[in-house]
Amino acid sequence: MIKLDIRSELPRGIKWTNEMTRQLPFSVSQALNATAGNKAGIRQFPEAASKGVLADLRRIVNTKLDRPKKQTAEGFFATTAKKTALFVKITPKGGKGVKTWDRNKYIQGNIQGGDRPSKWIEEKAKRLSSIPRNVDLVPTRNTPRDKFGNPRRGFINKAFDQVGSGKTFIGKPEGTQRPIGIYQVKGTSMKALFIAKPSTSYPTPLAGIERKAYARASRSFGPYLRRALDKNVKARVKQGKADLRTGFF
């Protein structure tokens, strides 16, 4: 006599599905962090350091802008997703000072174009003298530059410190055809450090950066989620906290 004992795998499948459901929020948070390439994501998936959205943004900025400073190329911040807050927000870094200056205006200007916002040199010059607000101060060849092509901050600050002492003049030299600017004064001679030009507009070298970031996120999230679920469910099984001895995985 042949005796067949056929049992349904449904109970085990239900256990599998339940465990997947329990691990889903945590796995989604890990996948979101890896997709962004933030510190939490890199800890779980080291390759996210070079394949995350943040890494893509750095590459785009370095490629599209002319000799950007490190603070600019690395000037994006990503929040950390948690299983109770399943989202990551990526924005330009903000703040004050040399290392934490607000990148948002600069980055936004290179994405959308439009009027270039005043730089710190122009803002300080306008506080020290009555020059028009709708002009840009353009450095001349008399102004020393750093390796990024920007006016040396120490040199400019020293010039500003000498305003009022007769060594630095801001404005339009009287009795001349010389334009409004920042001038270094030596005796009876004046050497232009910056001259005023009509306010300029940004080009848009970073146009499309958001679209490219979303494209990276779309490609990366699914694979990271599958890997995170695989890892987390198997870890539960190994710890003896789930019995999923099925052929479903």
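The values are calculated or read from the model by the stated rules, or taken from the named source; none is laboratory data. Note that the structure is a prediction, hence the values are computed from the model and not measured. Methodologically, a virtual Cβ is constructed for each residue, glycine included, from the backbone with ideal geometry; neighbour enumeration extends over all protein chains shown. The protein model used for the area step is the full one, side chains on, heavy atoms only, and it has no ligands, DNA or RNA in it. Shrake-Rupley method; radii C 1.70, N 1.55, O 1.52, S 1.80 Å.
Observations, loosely collected:
- Violating pairs (Cα-Cα greater than 28 angstrom) within the set LYS82/LYS238; LYS83/LYS234; LYS89/LYS147: LYS89/LYS147
- Inter-centroid distance (Cα atoms) of the range 25-62 relative to the range 166-207, Å: 45
- Extension gain, LYS70 back to ASN157 (0.36 nm per residue minus Cα-Cα distance, nm): 29.2 nm
- Only the Cβ atoms of Lys and Arg (+1) and of Asp and Glu (-1) were treated as charged; on that basis the dipole of the range 28-67 about its Cα centre amounts to roughly 100 debye.
- For LYS191, net neighbour charge (Lys/Arg +1, Asp/Glu -1) across residues whose Cβ lies under 12 Å away: +4
- Within the full protein context, the accessible area of ASP102 is estimated at about 80 Å² for a probe radius of 1.4 Å.
- Model label points for LYS105 and THR63, set 7 angstrom from Cα along the Cα-to-Cβ axis, are 2.9 nm apart.
- Distant-in-sequence amide H partners of LEU193 (H built 1.01 Å from N, under 5 Å): ILE182, TYR183, GLN184
- Exceedance of the 27 Å cut-off in Cα-Cα distance is limited, within the set LYS70/LYS191; LYS119/LYS167; LYS105/LYS167; LYS39/LYS124; LYS70/LYS119, to LYS70/LYS191; LYS105/LYS167; LYS39/LYS124.
- PHE77 accessible area, 1.4 Å probe, all protein chains in place, Å² to nearest 10: 110
- Computed from the Cβ-Cβ distance with R0 of 41 Å, the FRET efficiency linking LYS83 to ALA207 stands at 0.70.
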